[in-house]
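To start, the structure under review is shown below, and the notes come after it.
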Amino acid sequence: MKSDEKTVQANQVGDIVRTTESFGPNPAGSIGIVYETYPDNGVPASEIVSILLINGHDIGSFNQAEQTESLTWLAHVDIAYAYSSPSRLMKDFRDGYFNQAFAKARAVADQVGVRSLA
């Protein structure tokens, strides 16, 4: 399987994804990381994921259907992150907590020919 092929899987913290559509000023093809997962109370065995783009934009949470429609899995990096609040997420981003993961995201994006890294 190539890294840019989406399989039916549960996304997890540390997964690198590419958007398939634009979100605000962020174009389709933007690269991000799953920083949080939590159960979708309405759907058994389904997880909601939250995405932080490499430019620091938090593009929100995605249920299983939205993940399939809007995100393409690229790779996974080992990162232990425990989300607690939006302000803490932004502080951690500014302090470089995600730098190593985003460096790998850039390398993966280069491998699969992703043009937009917004």
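Read-outs throughout are calculated quantities, based only on the coordinates presented, and are distinct from any laboratory measurement. Nothing here was measured: the structure is a model prediction, and the numbers come from that model. A quick note on method: Cβ atoms are made from the backbone with ideal geometry, for glycine too, and the neighbour counts reach across all protein chains shown.
If you place +1 on the Cβ of every Lys and Arg and -1 on the Cβ of every Asp and Glu, how big does the dipole about the Cα centre of region 15-102 come out, in debye to the nearest 20?
280 debye
Towards the positive end of the charge dipole of region 15-102, with charges on Cβ (+1 Lys, Arg; -1 Asp, Glu), say which of L89, T20, I79 has the farthest Cα.
It is L89, whose Cα lies furthest towards the positive end.
Using only C-alpha atoms and all pairs of different ones, pull out the Kirkwood radius for region 34-80 in Å with one decimal.
11.5 Å
With an 8 Å cut-off on Cα pairs and a minimum separation of 6 or more residues, tell me the relative contact order of region 6-111 in percent.
28 percent
If you rank S22, S30, S84 by fewest surrounding Cβ atoms within 10 Å, what's the result?
Fewest to most other Cβ atoms nearby, the residues stand as S84, S22, S30.
Within region 39-71, find all residues whose amide N lies under 19 Å from a label point positioned 7 Å from the Cα of D110 along Cα-to-beta-carbon.
So the set is 54-55.
Project the alpha carbons of region 15-102 onto their principal axes and report the range along each, largest first, in whole Å.
36, 27, 23 Å, listed from the longest principal axis down.
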